[in-house]
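The values are calculated or read from the model by the stated rules, or taken from the named source; none is laboratory data. Owing to the predicted nature of the structure, the values given are computational and were not obtained by experimental measurement. All Cβ positions, glycine included, derive from the backbone under ideal geometry; neighbour counts span all protein chains shown.
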Amino acid sequence: MEQKTWDPMTEPMFYVLMAFLEQPRCGTEIAAYAERRTTGRVMLGPGTLYTILAKFQADGLIQETSVLGRKRTYHLTKLGGARFQAEQKRLKLCLGDATAAEEEARAAAERAAGREGAQWA
Amino acid sequence: MGMNRKRLVPRLLNVDALDIPAMESWLTDLAAKGLYYRKHNTLFMWFERGAPAAVRYRLDVVSPVSPIPDTPQASHAQAMGWRFLDKLGNYAVYFCDDPAAPELHTDPVTQSFTMDQLAKKLKRSLCLMALLMLASFAMVGFGLGLSDWPVLLLVTGSTTLLFPGIAVNVFLLCSFISQCRRFLKLRQCLRAGLPFSHKAGYRRQIGLNVGVLAFATVFALLSFYSAYHSITGRNDWNITAETPSPLDFHLSQIEVSPDFQFEHEMTSFNNEEIEYRNRAQFEWSLLAPVQYNVHESGIIPGRFWPGGQYEYKPSLELDYYGLALPFLAEPLLNDLIYRHLDHMAYEPFTREWLNAPGFDQLLLAVEEDGTYSMLFARRGGRVLTVRYHGTASLTAQLPALAALLQG
């Protein structure tokens, strides 16, 4: 896949793609989804949200499905789904590395503490 | 009509048009003083009076990925506390009076995407502006540099106002370069994920821009005044008893023969009788507000030029310059010497720099056969050239010419 300027994705971009996994959504619903999913940690300001939607649409990650009155709804394309999975995989690897590193650090600390205890005993 | 429109208050648009943080800060500070942005035109921004409040203004670059909001986008933004106000140059202006509302942009990287197209456009404009500026400098420099008498051209022509014009243009280019640099740096920071502070200093910008605007206004008024005055102030006339020469020095003073008489030759031009052998002209320019050119011709019947072939018809031409800036007198004199003596004289002349009372500099040049003399003189901010076609000596006229230079 061609390397894009948004590779790796920022958190708001990732949550915008995530919002389409369940169903097509409009802008208001996407912002509400991200806020609910992250319990308010990720807020999508209107400028950010519509820029992401325009950019994803231009890059073929999402597609407009319907315009009903004031409501414009988008859905995830195959390319968008693949991009989300790739990003998810990258994040899982990051998380796996972080977990492993944390466990190794904890084990090393325990070994050091054990040696210190034996010296005093 | 029953419309209840509030009176709008104008403010000069003097914060740099590309500087997002400065413009946001200025608008926010004005709102804190009770002035709320409504609209703008080329020079002014218009504000509505209201209760002072802590509000936020944000500028979003208008681009294909962040266009002027359409109805659903605008209503969603409004639901989140942000109201689209106006398009200000390359930016959409948003307003928010809800302190709890999230920022318009919550992702710096995404915000940087909105700036991509404008960044390309600015780089192109910058190259074009720099090229045009270089071309105009080259044209001016080439024009003045190519001229053999640049000071004469500068003093008498319309080139005087080129220099303040160039100064304004150079400032505008430097200001544009600086604005572009700040814009590109901001985009770079955002692309790196670093949000920017929406509080930025703008007072220096305002001071500088007001100064340049004042300078440009004075320059424009001066250009207008200069153009108007040089057109309306120009005058030329036949020298007669009723309309004498403006300079108190005449051919009849040099030619002392009692038989001397002025020679007149009338020609009709545009239903006007023009006497081109005895004629005076006045011109005005910013650097030389007094310029006279006087031409007098005469005849001594029965007398002939040396050689005896042609009747003796002496003539006198005077050029007088009263300069606004006296330091230009010396270079102007040098240019006049070059123009009339070095450049135009094909016959050998004897030159002599004279020390005479009443002159700062005085050069007398006489053609070898003694029938043509030129005198170049200056005193203070006044410059005079005398070109005399006749056999008398100009040396005898120095006191009268010195009096002419005294004004």
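Quick notes
- Test: residue in the range B:121-138 that is touching a helix residue (DSSP H, G or I) at 6+ places or on another chain (Cβ under 9 Å) and within 14 Å of chain A (Cβ to nearest Cβ): no
- Selected residue (only one of A:Ala109, A:Ala101 is at pLDDT below 95, surrounded by 10 or more Cβ atoms within 10 Å (Cβ to Cβ) and over 19 Å from A:Phe20 (Cβ atoms)): A:Ala109
- All of B:Phe196, B:Phe249 fail the test of being out of contact with any His (no Cβ under 8 Å at 6 or more places or on another chain), under 25 Å from B:Leu122 (Cβ atoms) and at pLDDT 90 or above, apart from B:Phe196.
- Residue check: B:Val61 meets all listed conditions (1) among the β-branched types (Val, Ile, Thr); (2) more than 8 Å from every other protein chain (Cβ to nearest Cβ); (3) out of contact with any strand residue (DSSP E or B) (no Cβ under 9 Å at 6 or more places or on another chain) but one, namely (3).
- For A:Val16, the requirement of being within 10 Å of chain B (Cβ to nearest Cβ) and at pLDDT 95 or above is met.
- Residues in the range B:308-333 that are outside any helix (DSSP H, G or I) and among the aliphatic types (A, V, I, L, M): B:Leu316, B:Leu318, B:Leu323, B:Ala324, B:Leu325.
- Residues that are touching a residue at least 40 places away in the same chain (Cβ under 8 Å), under 22 Å from the mean Cα position of the chain (by Cα) and surrounded by 13 or more Cβ atoms within 10 Å (Cβ to Cβ), drawn from the range B:190-216: B:Asn209, B:Val212, B:Leu213, B:Phe215, B:Ala216
- Filtered residues of the range B:353-372 (kept if within 20 Å of B:Ile254 (Cα to Cα) and part of a strand (DSSP E or B)): B:Leu362, B:Leu363, B:Leu364, B:Ala365, B:Val366, B:Glu367, B:Tyr372
- Selected residue (criterion: farthest from B:Leu13 (Cα to Cα)) from residues of the range B:64-90 that are among the aliphatic types (A, V, I, L, M), touching a residue at least 12 places away in the same chain (Cβ under 8 Å) and at the interface with chain A (Cβ under 10 Å from one of its Cβ atoms): B:Met80
- Criterion: out of contact with any Lys or Arg (no Cβ under 9 Å at 6 or more places or on another chain), polar (S, T, N, Q) and in a strand (DSSP E or B) - qualifying residue of B:Thr391, B:Thr350: B:Thr350
- Pairs with Cβ under 6 Å, 6+ apart, first in the range B:91-118 and away from chain A (no Cβ under 11 Å) and more than 16 Å from B:Leu184 (Cβ to Cβ), second surrounded by fewer than 21 Cβ atoms within 10 Å (Cβ to Cβ) and hydrophobic (A, V, I, L, M, F, W, C): B:Val93/B:Leu85; B:Phe95/B:Leu85; B:Asp97/B:Val55
- Screening the range A:20-32 for residues that are assigned to a helix (DSSP H, G or I) and surrounded by 21 or more Cβ atoms within 10 Å (Cβ to Cβ) and picking the one that is modelled with the lowest pLDDT gives A:Gly27.
- The range B:303-332 residues that are farther than 18 Å from B:Tyr292 by Cβ, paired with ones that are part of a helix (DSSP H, G or I) (beta carbon under 6 Å, 6 or more apart): B:Pro331/B:Val151
- Filter pass, B:Leu18 being within 14 Å of another protein chain (Cβ to nearest Cβ), surrounded by 15 or more Cβ atoms within 10 Å (Cβ to Cβ) and either outside any loop (DSSP other than H, G, I, E, B) or of a type outside the set (Val, Ile, Thr) (or both): no
- Test: A:Arg37 is within 14 Å of chain B (Cβ to nearest Cβ) and either of a type in the set (D, E, K, R) or farther than 28 Å from B:His76 by Cβ (or both): no
- Exactly one residue among A:Gln88, A:Gln119 is under 18 Å from the mean Cα position of the chain (by Cα), away from chain B (no Cβ under 14 Å), more than 30 Å from B:Gln78 (Cβ to Cβ) and not small (Gly, Ala, Ser), and that residue is A:Gln88.
- Matching entry among A:Arg41, A:Arg36, A:Arg72 (being in contact with a Pro (Cβ under 7 Å, 6 or more places away or on another chain) and among the charged types (D, E, K, R)): A:Arg72
- Number of positions in the range A:57-78 that are in contact (Cβ under 8 Å) with a residue 40 or more places away in the chain, among the aliphatic types (A, V, I, L, M) and not in a loop (DSSP other than H, G, I, E, B): 2
- Of everything listed in (1) crowded, with 16+ Cβ neighbours inside 10 Å; (2) in contact with a Lys or Arg (Cβ under 9 Å, 6 or more places away or on another chain); (3) modelled with pLDDT under 95, the single unmet condition for B:Asp70 is (1).
- Here A:Thr10 does not fit the description of being in contact with a Pro (Cβ under 6 Å, 6 or more places away or on another chain), under 30 Å from B:Tyr57 (Cα atoms), surrounded by 13 or more Cβ atoms within 10 Å (Cβ to Cβ) and not aromatic (Phe, Trp, Tyr).
- Test result for B:Ser373, crowded, with 17+ Cβ neighbours inside 10 Å, without any contact (Cβ under 8 Å) to a residue 40 or more places away in the chain, out of contact with any His (no Cβ under 7 Å at 6 or more places or on another chain) and hydroxyl-bearing (Ser, Thr, Tyr): yes
- Within the range B:32-61, the residues that satisfy the criterion of being closer than 23 Å to A:Thr48 by Cβ and free of Cβ contacts under 8 Å to residues at least 40 places away in the same chain are B:Tyr57, B:Leu59.
- Residue match in the range B:283-291 (condition: farther than 30 Å from B:Pro164 by Cβ and either aliphatic (A, V, I, L, M) or touching a strand residue (DSSP E or B) at 6+ places or on another chain (Cβ under 9 Å) (or both)): no
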